[in-house]
Amino acid sequence: MTENENLIEVSDLKMYFPITKGVIFQKKVADVKAVDGVSFTIKKGETLGLVGESGCGKSTTGRAILQLYRPTAGSVKFKDVELTELKGEKLRHMRRNMQMIFQDPYASLNPRMTVGGIVGEPLEVHNIAKGREKRERVQELLRVVGLNPYFVNRYPHEFSGGQRQRIGVARSLALNPDFIVCDEPISALDVSIQAQIVNMLEDLQQEFGLTYLFIAHDLSMVRHISDRIAVMYLGKIVEITDHNTLYEDPKHPYTQALLSAVPIPDPVIEDQRQRIILAGDVPSPIDPPPGCNFSTRCPRVMDICKEVDPTWQDIGENGEEHWVACHLYE
Ligand code: SF4
């Protein structure tokens, strides 16, 4: 596989969680449409940022790609292999190439295991290394993420938040993956530490040729690390383009609103610009509105928006891709 080839291809991915009623005979009464028909690709060596408010379905998308949730419908291809059809040993084998870094470095590490046990566990589970070989590999991984390799016998509570996230990253690298879903890896950290972790993830990407899906809840966190950015609202992706175009020429009204909340480090511009305050709450994913999902809050809503779902189309110019779902551009 060469650069510019798609490592990940997601087509019309749906992840519905059934709501059931009844004690003995459970009957499905509705679905939570957490992810409702998303499509995108991620090229080898690329970072795709996935941004949206809490509950919009971005973490569920990440988990459904890794098959930690089995999708309700749609296709997920990794290196041209259809993951949704894999089961048992074949899926387990494939999962080695795809890992996840979790949001909360306090909750995601087992407090009763030493760092050596945590980082080395995937090596044992997949029968890759044991004993001394495993210990040496763990020490190498700790070095790679900037931790003292002699910390192997320490426990998670002995580390700071940033160091714990480094331990989580070391564990995710243990099996030499190609693809990592970074699920809000810096959201729970102090601002002063966030840049260090982002820089480390970028260095590791260069060193090991990694491909990332980088999930975040606001646009200020993803600009630096992402090549392209996808914006998600209520289970659907509403816009995807390269990071510069998204910040300089956002098309979808929801992206424009999210961007208006990102602080600008220039007091004159910051004073002059207008924040777009969205009215109302995000509708329930059990019963999304007809037509455009954003129609109940969109400052530019039109009659058609309340009836017809906008088409997902590429409006980019000069060969640049710029995908958007909005009637304003049809
Ligand atoms: Fe707003 Fe209509 Fe565009 Fe939806 S389709 S984002 S409601 S203008």
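The values are calculated or read from the model by the stated rules, or taken from the named source; none is laboratory data. If you're wondering where the values come from, they're calculated on a predicted model, not measured in any experiment. Please note: Cβ atoms are built from the backbone with ideal geometry, for glycine as well, and neighbour counts cover all protein chains shown. Calculation scope for accessible area: heavy atoms of the full protein, side chains included, ligands and nucleic acids excluded. Shrake-Rupley method; radii C 1.70, N 1.55, O 1.52, S 1.80 Å.
Is region 288-302 home to any residue that is aliphatic (A, V, I, L, M) and without any contact (Cβ under 8 Å) to a residue 40 or more places away in the chain? Yes, some residue in region 288-302 is aliphatic (A, V, I, L, M) and without any contact (Cβ under 8 Å) to a residue 40 or more places away in the chain.
Here is a yes/no grid of residues against (1) under 24 Å from Val282 (Cβ atoms); (2) at pLDDT 95 or above; (3) not small (Gly, Ala, Ser):
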{"position": "Ala34", "(1), (2), (3)": "yes, yes, no"}
{"position": "Thr60", "(1), (2), (3)": "yes, yes, yes"}
{"position": "Pro71", "(1), (2), (3)": "yes, yes, yes"}
{"position": "Lys77", "(1), (2), (3)": "no, yes, yes"}
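Filtering Ala257, Ala261 for residues that are closer than 20 Å to Arg223 by Cα and within 16 Å of the ligand (Cβ to nearest atom) leaves a single hit, Ala257. Considered as a group, the residues in region 169-193 that are at pLDDT below 95 and out of contact with any helix residue (DSSP H, G or I) (no Cβ under 8 Å at 6 or more places or on another chain) include one that is surrounded by the most Cβ atoms within 10 Å (Cβ to Cβ), and that residue is Ser187.
All conditions but one from (1) farther than 26 Å from Pro71 by Cβ; (2) within 9 Å of the ligand (Cβ to nearest atom); (3) open to solvent by 40 Å² or more (accessible area, probe 1.4 Å) apply to Asp309; the one that does not is (1).
Remark: Asp242 falls outside the filter, which requires a residue to be without any contact (Cβ under 8 Å) to a residue 60 or more places away in the chain and acidic (Asp, Glu).
Filtering Cys298, Cys292 for residues that are within 14 Å of Val238 (Cα to Cα), within 11 Å of the ligand (Cβ to nearest atom) and either under 24 Å from the mean Cα position of the chain (by Cα) or open to solvent by 80 Å² or more (accessible area, probe 1.4 Å) (or both) leaves a single hit, Cys292. Residues of region 194-218 that are of a type outside the set (Gly, Ala, Ser), crowded, with 22+ Cβ neighbours inside 10 Å and under 20 Å from Val35 (Cα atoms): Tyr212, Leu213, Phe214, Ile215. Contact map, region 248-261: first residue closer than 10 Å to Val238 by Cα and at pLDDT 95 or above, second residue acidic (Asp, Glu) and not in a loop (DSSP other than H, G, I, E, B), Cβ cut-off under 8 Å, separation 6 or more or different chains; pairs are Lys251/Glu239; His252/Glu239; Tyr254/Glu239; Thr255/Glu239. Residue count for region 130-168, restricted to those that are part of a loop (DSSP other than H, G, I, E, B), closer than 29 Å to Lys44 by Cβ and either out of contact with any Leu (no Cβ under 8 Å at 6 or more places or on another chain) or open to solvent by 10 Å² or more (accessible area, probe 1.4 Å) (or both): 2.
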